[in-house]
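What follows is one structure encoded as structure tokens, with my remarks underneath.
The values are calculated or read from the model by the stated rules, or taken from the named source; none is laboratory data. As the structure is a prediction and not an experimental result, all values here were calculated from the model. We place every Cβ from the backbone using ideal geometry, glycine too, and count neighbours over all the protein chains shown.
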């Protein structure tokens, strides 16, 4: 009973933080709410027993992606960016069209996933194949960290260069945090 209460509490917190991402007018507060949403999703994974996904959610999304979002926000002069997003009838039509396309994609994804779930119910269970989740996670880890370790090292160097470049650009003349 307490697991269900904890799950629903975390779900409500995550949904509230997700709505705050869209409703906040300050982009920094919106980015912080996005981080809270990602941490909430990770906590939901923990309540469902998916500890590997919870760790990946925290490390990749709440860590690396949020740092990049905040660094991009540092580059923009937000006073001029608001004016760029609110002018013209053509851009308004493009925004409405984009929302329509996104809504269509969401409806299509829900329809397709419901059909896939119906097929999964009629298919034989995955336990008949003899593989367990632990075997899949172990083979995934061995593939990622033994055979593709160069990709991880290269990605780390690229992210470091991006971080240093972002800070250097934000401090240069014309950046939002330029020294006077």
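The condition (being closer than 30 Å to residue 164 by Cβ and at pLDDT 75 or above) is satisfied by just one residue among 99, 60: 60.
Taking the stated definitions as given, is residue 149 modelled with pLDDT of 75 or more and closer than 25 Å to residue 55 by Cα? Spelling it out, it is not the case that residue 149 is modelled with pLDDT of 75 or more and closer than 25 Å to residue 55 by Cα. So for the range 31-49 (the condition being within 29 Å of residue 140 (Cα to Cα), out of contact with any helix residue (DSSP H, G or I) (no Cβ under 6 Å at 6 or more places or on another chain) and surrounded by fewer than 19 Cβ atoms within 10 Å (Cβ to Cβ)), does at least one residue qualify? Among the residues of the range 31-49, at least one is within 29 Å of residue 140 (Cα to Cα), out of contact with any helix residue (DSSP H, G or I) (no Cβ under 6 Å at 6 or more places or on another chain) and surrounded by fewer than 19 Cβ atoms within 10 Å (Cβ to Cβ), which makes the answer yes.
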